1. Criterion first (more than 30 Å from Leu78 (Cα to Cα) and without any contact (Cβ under 8 Å) to a residue 40 or more places away in the chain) does Arg139 satisfy it?
2. For the stretch 13-23, indicate whether the set of residues that are free of Cβ contacts under 8 Å to residues at least 40 places away in the same chain and either within 23 Å of Ala120 (Cα to Cα) or among the polar types (S, T, N, Q) (or both) is non-empty.
3. Name every residue in the stretch 120-168 that is more than 30 Å from Ala65 (Cβ to Cβ) and among the polar types (S, T, N, Q), in order of residue number.
4. Which ones in the stretch 158-177 are assigned to a helix (DSSP H, G or I), modelled with pLDDT under 90, closer than 18 Å to Val112 by Cβ and not β-branched (Val, Ile, Thr)?
5. Give the number of residues within the stretch 71-114 that are farther than 18 Å from Ala160 by Cα and among the β-branched types (Val, Ile, Thr).
6. Does Val95 satisfy the criteria of being over 25 Å from Val39 (Cβ atoms), modelled with pLDDT of 90 or more, buried (at least 19 other Cβ atoms within 10 Å of the Cβ) and β-branched (Val, Ile, Thr)?
7. Might you check whether a residue that is farther than 20 Å from Ala33 by Cβ, more than 16 Å from the chain's Cα centre (by Cα) and part of a helix (DSSP H, G or I) occurs anywhere in the stretch 74-92?
8. Given the conditions (1) farther than 16 Å from Leu64 by Cα; (2) touching a Leu at 6+ places or on another chain (Cβ under 9 Å), which single one is not true for Leu115?
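The values are calculated or read from the model by the stated rules, or taken from the named source; none is laboratory data. Just so it is clear, the model here is predicted, and its values are computed rather than measured. Quick reminder, even Gly has a Cβ in these numbers, built from the backbone with ideal geometry, and neighbours come from all protein chains shown. These accessible areas exclude ligands, DNA and RNA; they are computed on the full protein's heavy atoms, side chains included. Shrake-Rupley method; radii C 1.70, N 1.55, O 1.52, S 1.80 Å.
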Amino acid sequence: MSLAVIIALLAVVVLGVGGRWLAAQRARLPWIALALVHVGWLALFAGKLVALPVTTGFDAKHHLAYVEHLRRERVLPLPTDGWSTYHPPLYYAAVALLEEAAGADPRAHAVVTKLPSFAAGLASVWVAFGLARTLLLGRPELVAVAILFTGVLPLQAYTAAYVSNEPLHAALFGVATIT
């Protein structure tokens, strides 16, 4: 037997055993999916997203200027003070507070500056979880699919990687839809 055939047979056995185990875990499927998404996102954040410069992204420099204004002046900017200063201040205040807490370490700054966007991206996965559980009562396999789908959406991962207020807006809008 060739190596390819052995690998294919092993894959079939693993998929069969894994499928049988998942079928026995039907009620836990949404939680398993949620755990998988969290592990994947945390690995992505730790391995790749932290390494991206904080200025990467469409208007990251303007978002950072807003945060810097809050840190330096300790007052909200006027909507006419800059490119992004007309945005609601919640995201920027959170980033400014985290940066203040991080101190002078540039590596810590890179992490905490991106943390609100990352956390808001994961919050959208939790919103999908809550919404799917509400709409798909008694269908845990479909709830798990909704979680996995939301967790691997390219736009979710893309926007959560950068300094941007959009993931927070999406998460808050999602929360508003399920309440």
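1. yes
2. Scanning the stretch 13-23, I find no residue that is free of Cβ contacts under 8 Å to residues at least 40 places away in the same chain and either within 23 Å of Ala120 (Cα to Cα) or among the polar types (S, T, N, Q) (or both), so the answer is no.
3. Once the filter is applied, which keeps residues that are more than 30 Å from Ala65 (Cβ to Cβ) and among the polar types (S, T, N, Q), the stretch 120-168 yields Thr134, Thr150.
4. Ala160
5. Here the count works out to 3.
6. yes
7. Among the residues of the stretch 74-92, at least one is farther than 20 Å from Ala33 by Cβ, more than 16 Å from the chain's Cα centre (by Cα) and part of a helix (DSSP H, G or I), which makes the answer yes.
8. That leaves (1) as the condition not met.
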